[in-house]
Amino acid sequence: MADKSQICSVWVGSETGILKGVSLSKKQAFNFCEFSCLSRDQEVCVLGWGDPQETEVLVGSVNGTVKTFSTEKGIFTETRQCGESTQGRFTGLAVTDSALITCVETGLLRVWKEGSETVEINAGKNVSRMRQNPSQCNQVATGGKENGLKVWDLERPETPIFTSKNVRNDWLDLRVPEWVRDMAFIPNSDKIVTCTGLHQVRVYDPASPQRRPVLESEFGEYPLTALSLPANKDSVVVGNTQGQLAILDLRKGLVRGCLKGLAGGVRGLQCHPSLPLVASCGLDRFLRVHSLEDRTLQHKVYLKSRLNCVLLSSRDPELGSTGVSTDVEEVKEEVGEVDEVWDTMEMIKDKAKKRATEEVEAVLVEPERTTKKKKKAVK
Amino acid sequence: MRTGFTALKKVKINSDANMDIVEAQEIKGTFTKKKNKKQKKQPTPPLTRSDDSMVKETETEHVDMLGESAFPPEFRVSEIKNKQRRHLMFMKLKLEKRKQRMAMKKKKKKERDALGDKAPPKNVPKTIENQRIYDETTVNPEDEEVAFDEGTDEFSAYFNRLTHPKVLITTSDRPRGRTVRFCRQLATVIPDAHVYYRKGLALKKIIPQCVARGFTYLMVINEDRKVPNGMVLCHLPDGPTAHFKVSSVRLRKEMKRRGKDPTEHSPEVILNNFTTRLGHSIGRLFAALFPHDPQFVGRQVATFHNQRDFIFFRFHRYIFKNEQRVGIQELGPRFTLKLRSLQKGTFDSKFGEYEWILKRHENDVCRRRFNL
């Protein structure tokens, strides 16, 4: 199991309760569970990294347990009971230095600290997603149906530090319904981007005095279910219930392009933290990896069950893993080369103006492609 | 005034004359037609008889040459200027080719018969079905994961014999003509089916009432200009919902050689070619429409045959004539379905999550790829 789990670069949680690991470089998928103890109440709701080194995957199930999966050993090492199944499904899972943060549909946000008592926050009814601020670990955002975006500071759990205000009434003077389905913190700024069940994408800025969204745009006609921020700034990838994926520009809120090939609704979406890649999974039982640059489908893996969530590791999925075989080592050397190239490029990037950034990206891509070819040659 | 009157008169006379001419032409026409019929067996056409004798001679020569098939190499039938001649020649050419082909076929068959068992295997014709691109979602019956997924899905209650199917059939609002009859006939095919008028009710309001009354299926037939063209099949109480396009509906009255009306026995169900994961879901959806145990006394079979993603429905009665032979009789109705979308949960076209949706211009680039 250990050698299997070490090569996996994408982790997917399924509706049947199976944790799946996918190795894109070797084009293999593995199931990490025992078939004898399968049941629907183990359905995976949320996935998250347990530590910054990405050796532990936290798996939140419907029945209220959070299991820890070690990617090095390839087995489930720990099981914690974090609430009952009657409180609803998990909507978010995060870790700080010492605590585990969970949130369920009924709005119960809990911080499970080791040794001390758990902190409970009521985030309102029908919470559909909770996310943690990647730069400030003690900040989380919640939102749901008729439950606007709220940002909480876990140090001071009494009141949220930011509560959004609903947008103004429409042109018929009717109230606009609220339905936050997913949100993300934009790095290096206070802004938060949300997508709604009424196909809007909104950007909130807690730093400004305005509590209403600073930018609003629409995509398609169907509820947006998932959202992810790519590595390059001012864009966001959203997916809806009909399997339409689009890259939206956050400066003006326009559609930059659509990612094609999906047959069913999107449930989980994640962009690679450094590379222009986005992984999507959903009800059509496929894991798809698209390139954000030319928007082509890079990988398509059939995983046999409906998929709920996806988790990408921060290493390059195309290059193997930290394995022991010789060819992998050679690949690793090339990784070093790439890093050198990147370092030099960054020097230029600092000097270049904003407008030239895209050109720089284009230059950046080329060495990467050559390494791919090299890798193939090595194989 | 006077001039005008004369003019009128003239016109009248002219028209009379015209009439006469027309009649005469008609008579001529009929005459020639009769002639044609009589002389059909003769090789030379009668129409050219009144033409110049020169032309006639050349044409007869042509005909003779055709018989020997000794044209100059650059001769083409399409170069003949006279349309009727061209047509005639073309038909002859076609017949000639056909004769040759049949002779070849006969010869081949003779050779095959002579060789007996040693004959080389016959070539299999290329169709887009047997050239189908392998679908990675094709279900392997030994697959544990798929078995578990199917064992615990929404239909598992039916397949574990916990529920009995009860179907509500309704239409779009104010159905006309064929749609009503189609619904009635569907209700005779599916046991325990109840046809209700829609009365302008919203489907989302009907569904909770159906669940409360123990229905396991809601079937809605949609129509366009009095012709049924869509079907929504919603499994209750918690989905899934499938949306089909309905085409080539043939009601009982329009069928040739149909049998007597079906009896109330629950029929056997045949599901053909539902191989992929999506196909399995759709197959289970259809299977759960009918009661668990077919009554073999009724000798009735409902068939859902999938071919190139089109699902053909047929309803038959069979009889075993002797140990080898079996006779079937179609009872009707017959129709064709094509899956448009499969949605998780009960009918909710706006906020529902789609498990699969037909995207014709996005995903159907290849004609040899099928989804069911």
Chain lengthening between A:Ser116 and A:Ser135 when straightened (0.36 nm per residue, less Cα-Cα): 4.4 nm
Using modelled amide H (1.01 Å from N, peptide plane; none on Pro or chain starts), what sits under 5 Å from the amide H of A:Arg181, excluding residues fewer than 5 places away? A:Cys195, A:Thr196, A:Gly197
Expressed as a fraction of 2.2 N^0.38 Å, the rule-of-thumb size for a compact globular protein of N residues, what is the C-alpha radius of gyration of the stretch A:178-221? 1.12
Considering only protein heavy atoms and a 1.4 Å probe, what is the carbon-and-sulfur percentage of the accessible area of the stretch A:1-129? 45 percent
Report the full-extension gain for the segment B:Ser349 to B:Lys81: residue separation times 0.36 nm, less the Cα-Cα distance, to one decimal in nm. 90.3 nm
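Over the stretch A:190-311, what relative contact order in percent results from Cα pairs under 8 Å that are six or more residues apart? Working shown, then result.
Numbers: 321 pairs, mean separation 19.8, N = 122.
Over the stretch A:190-311, the number comes to 16 percent.
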With unit charges on the beta carbons (Lys and Arg positive, Asp and Glu negative) and the dipole taken about the Cα centre of the stretch A:2-312, which residue among A:Val310, A:Gly261, A:Gly92 sits farthest to the positive side? A:Gly261
Percent carbon-and-sulfur accessible area, the stretch B:149-363, ignoring ligands, DNA and RNA, probe 1.4 Å: 50 percent
Relative contact order of the stretch B:149-363, please, whole-number percent, based on alpha carbon pairs below 8 angstrom and at least 6 residues apart. 20 percent
Relative contact order computed over the stretch A:1-135 (Cα-Cα under 8 Å; 6+ residues apart), in percent: 16 percent
How would A:Trp112, A:Trp171, A:Trp152 line up by accessible area, probe 1.4 Å, largest first? A:Trp171, A:Trp112, A:Trp152
Can you grab the distance from the C-alpha centre of the stretch B:274-314 to the C-alpha centre of the stretch B:140-203, Å, no decimals? 12 Å
Which parts of the stretch A:239-280, residue by residue, lose 20 Å² or more of accessible area when the rest of the protein chains are there, as against the chain isolated (1.4 Å probe)? A:Thr241, A:Gln242, A:Lys260, A:Gly261, A:Leu262, A:Ala263, A:Arg267
Please report how far the C-alpha centroid of the stretch A:1-74 lies from that of the stretch B:93-139, rounded to the nearest whole angstrom. 52 Å
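In Å², what does the accessible area per residue of the stretch B:116-275 work out to with a 1.4 Å probe? Intermediate results must be reported in sequence, preceding the final value.
Values: 9340 Å² over 160 residues.
For the stretch B:116-275, the solvent-accessible area averages 58 Å² per residue.
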So, with +1 on the Cβ of K and R and -1 on the Cβ of D and E, and no other charges, what is the size of the charge dipole of the stretch A:2-312 about its Cα centre, to the nearest 20 debye? 820 debye
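What shape does the stretch B:149-363 take by its C-alpha gyration tensor, where a ≥ b ≥ c are the square roots of the eigenvalues and a/c under 1.5 counts as rounded, a/b above b/c as prolate, and the rest as oblate? Don't skip to the end; give the middle numbers.
Details: a/c = 1.45, a/b = 1.30, b/c = 1.12.
Verdict is rounded for the stretch B:149-363.
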Between chains A and B, what is the buried accessible area in Å², counting both sides, with a 1.4 Å probe and ligands, DNA and RNA left out, to the nearest 100? 2600 Å²
Residue-level accessible surface for A:His299, protein heavy atoms, 1.4 Å, Å²: 20 Å²
10 Å Cβ neighbours from other chains, averaged over peptide B:144-154: 5
Accessible area per residue for the stretch A:2-312 in Å², computed with a 1.4 Å probe and the full protein assembly in place, what is it? 41 Å²
Using amide H atoms built in the peptide plane, which far-off residues or other-chain residues are under 5 Å from B:Val269 H to H? B:Ala302
Extension reserve of the B:Ile133-B:Lys99 stretch, reckoned as 0.36 nm per residue once the Cα distance is removed: 8.4 nm
How much solvent-accessible surface does B:Asp173 expose, in Å² to the nearest 10, with a 1.4 Å probe and all protein chains in place? 80 Å²
Lys/Arg +1, Asp/Glu -1 at C-beta; the stretch B:149-363 dipole; positive extreme among B:Thr216, B:Pro175, B:Leu203: B:Pro175
Threshold 20 Å², probe 1.4 Å: give the residues of the stretch A:13-39, in number order, that are less accessible with all protein chains present than with their chain alone. A:Thr16, A:Phe35, A:Leu38
The stretch A:271-309 to the stretch A:125-162: how many Å between their Cα centroids? 27 Å
Karplus 3J(HN,Hα) series, Hz, for the stretch B:162-169 with 6.51 cos²θ - 1.76 cosθ + 1.60 (x for Gly, Pro): 8, 10, 10, x, 9, 10, 10, 10
Residue-by-residue Karplus 3J(HN,Hα) for the stretch B:136-152, coefficients 6.51, -1.76, 1.60, Hz, glycine and proline x: 6, 8, 4, 7, 8, x, 8, 6, 5, 5, 5, 4, 5, 4, 6, x, 10
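Sort B:Phe296, A:Phe219 from largest to smallest accessible area, using a 1.4 Å probe on the heavy atoms of the protein chains.
On the way: B:Phe296 125, A:Phe219 20 Å².
Heavy-atom accessible area, descending, gives B:Phe296, A:Phe219.
Ordering A:Lys113, B:Lys321 by accessible area with a probe of 1.4 Å, largest first, what comes out? Display every interim value, and only then the final one.
Numbers: A:Lys113 85, B:Lys321 125 Å².
Solvent-accessible surface, decreasing: B:Lys321, A:Lys113.
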Dipole magnitude (debye, nearest 20) for the stretch B:149-363, charges at Cβ of Lys, Arg, Asp, Glu: 1300 debye
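The values are calculated or read from the model by the stated rules, or taken from the named source; none is laboratory data. In this text, all values refer to a predicted model and were calculated from it rather than measured experimentally. Because the Cβ atoms are built from the backbone with ideal geometry, glycine has one as well, and the counts that use them run over all protein chains shown. Ligands, DNA and RNA are stripped out before the accessible areas are found, and what is left, the full protein with its side chains, is counted by its heavy atoms. Shrake-Rupley method; radii C 1.70, N 1.55, O 1.52, S 1.80 Å.
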